[in-house]
1. Go through region 48-71 residue by residue and tally those that are farther than 21 Å from residue 33 by Cβ and surrounded by fewer than 18 Cβ atoms within 10 Å (Cβ to Cβ).
2. Are there any helices (runs of 4 or more DSSP H) wholly within region 1-88 with 1 or more residues that are within 13 Å of the ligand (Cβ to nearest atom), and if so which?
3. Show me the helices (runs of 4 or more DSSP H) entirely contained within region 150-201 in which 2 or more residues are under 14 Å from the mean Cα position of the chain (by Cα) and more than 16 Å from the ligand (Cβ to nearest atom).
Ligand code: MN
C-alpha cells in the first residue's frame, strides 16, 4: 500500500493565536509529507509494503529504523491533526468521568501531560492512552508511540501532543512549557471522546 498525507480538516490559521498558521503549514505540508515519502521509500519492495501501520507497529522490532521513525511520524501526525480544533469542545460525560477517576480532574490530566511533554528530553510526544480499559499518561522519544511493540508503556493513544521543536519553535522559540500551556485551548475533545469510547468496552 502507498501511504498518503491526509488533508487538514481546517485552515492553517484555524488554531491562531495558540498555534500560528506558518507553523501549521510547514508542519503539515513539509514535515508530515516527508514522513510519508520516506516511509513509502523505506517500505518499497519489502514485506512491510502491504502492511498497515498498526501491523508494522505490532512487530516493530522486525523492521528497520526508517520504518519505525517514518511510520511513527506518519501515524502520530495523522492523529495530531485530528485531535486539534478551535471548536471549543469538552470531554464527553464518559471521558470526563474516566479522567476524574484516573487523574482526579481535567486540570490534573493537563498538568500531567504537560509535565510528561516538558520533561521529555529532546524530541518526542506526550500521550493520553487507553490501556486495559483505563486511562494513562506516558511519553515517547522521537516518533515512537505506545502502539509499538518496542514501547516502554503500551496502549492505544487517544490524544497526542507533539513536543518536537518544529511544532512550536516559530512562535514559542525555546519555551516548550508555554506551548504546552497554550495547546489546551485547541484540543478537539469531541474527537478524543470518540476515540475513548471506541477503545473501552
Ligand atoms: Mn511534528
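Readers should treat all values here as calculations from the given coordinates under stated rules, not as data from a laboratory. Small disclaimer: the values here were computed from a predicted structure and weren't measured. Using ideal geometry, Cβ is built from the backbone for each residue, glycine included, and neighbour counts are taken over all protein chains shown.
1. 7
2. 21-25, 33-43, 65-82
3. 189-199
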